[in-house]
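The values are calculated or read from the model by the stated rules, or taken from the named source; none is laboratory data. The model shown is predicted, which means the values in this text are computed figures rather than measured ones. All Cβ positions, glycine included, derive from the backbone under ideal geometry; neighbour counts span all protein chains shown. Note: accessible area is taken over every heavy atom of the protein model, side chains too, but ligands, DNA and RNA are not part of it. Shrake-Rupley method; radii C 1.70, N 1.55, O 1.52, S 1.80 Å.
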Amino acid sequence: QVQLVESGGGLVQAGGSLRLSCAASESIFSINYMGWYRQAPGKQRELVAYITRSGTTNYADSVKGRFTISRDNAKNTVYLQMNSLRPEDTAAYYCNARDYYNIWGQGTQVTVSS
């Protein structure tokens, strides 16, 4: 079963950028859906962005125009480029892969200071 490992989180000032990576333990070429979610303390986990096998993407309204999701099938990695970060983007960010399974990574913390 595929395993996911996120990296790239950290502390950044408002207006800054981070790029999150989600490395899969096996090929992601045939995985139908890969997404990024986030969960802030005391809040429910929410969708940030997803990308399908065909390359279709979708974003939460709160991140449209600031975040970009992409996938590199050759590297078995999905990325989330986050620009113009805001304090309200502070959360633990999780990678998700769905096909006939539903797999989550362990998460990476993003903290945006004002």
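Observations
- For region 1-103, the set of GluC sites (Glu not before Pro) satisfying both a DSSP loop assignment and a count of at most 14 other C-beta atoms within 10 Å is given as 26.
- Only Lys, Arg (+1) and Asp, Glu (-1) charged, at Cβ; region 10-114 dipole about Cα centre in debye: 80
- Built amide H within the under 5 Å cut-off of residue 10, gap 5+: 110, 111
- The spacing between region 20-36 and region 62-114, judged by their C-alpha centroids, is 12 Å.
- Computed from the C-beta positions of residue 57 and residue 111 and an R0 of 22 Å, the FRET efficiency is 0.30 to the nearest 0.05.
- When you restrict to C-alpha pairs under 8 Å that are six or more residues apart and normalise by the size of the chain, the relative contact order lands at 37 percent.
- Environment charge at residue 24 (Cβ cut-off 12 Å; Lys +1, Arg +1, Asp -1, Glu -1): -2
- Fraction of the pair-distance distribution of region 28-95 above 16 Å, Cα-Cα pairs, percent: 45
- Using θ = phi - 60° and Karplus 6.51 cos²θ - 1.76 cosθ + 1.60, couplings along region 8-23 (whole Hz; Gly, Pro as x): x, x, x, 9, 9, 7, 4, x, x, 10, 9, 10, 8, 10, 10, 8
- Among 50, 100, 59, residue whose mean-square fluctuation peaks in a GNM of the chain (springs only between Cα atoms under 10 Å): 100
- When a 1.4 Å probe is rolled over the protein heavy atoms, the share of accessible surface on the chain that falls to carbon and sulfur comes to 45 percent.
- Per the Cα gyration tensor, the chain maps to an equivalent ellipsoid with semi-axes of 23, 14, 13 Å, ordered largest to smallest.
- Amide H within-cut-off set for residue 76, under 5 Å, with H built and near neighbours excluded: 28
- Heavy atoms of the protein chains alone define the surface here; on that basis the chain has 52 Å² accessible area per residue at 1.4 Å probe size.
- ³J(HN,Hα) computed for each position of region 52-69 - Karplus, 6.51 cos²θ - 1.76 cosθ + 1.60, integer Hz, glycine/proline x: 9, 4, 7, x, 5, 10, 8, 10, 5, 4, 5, 10, 4, x, 10, 10, 9, 9
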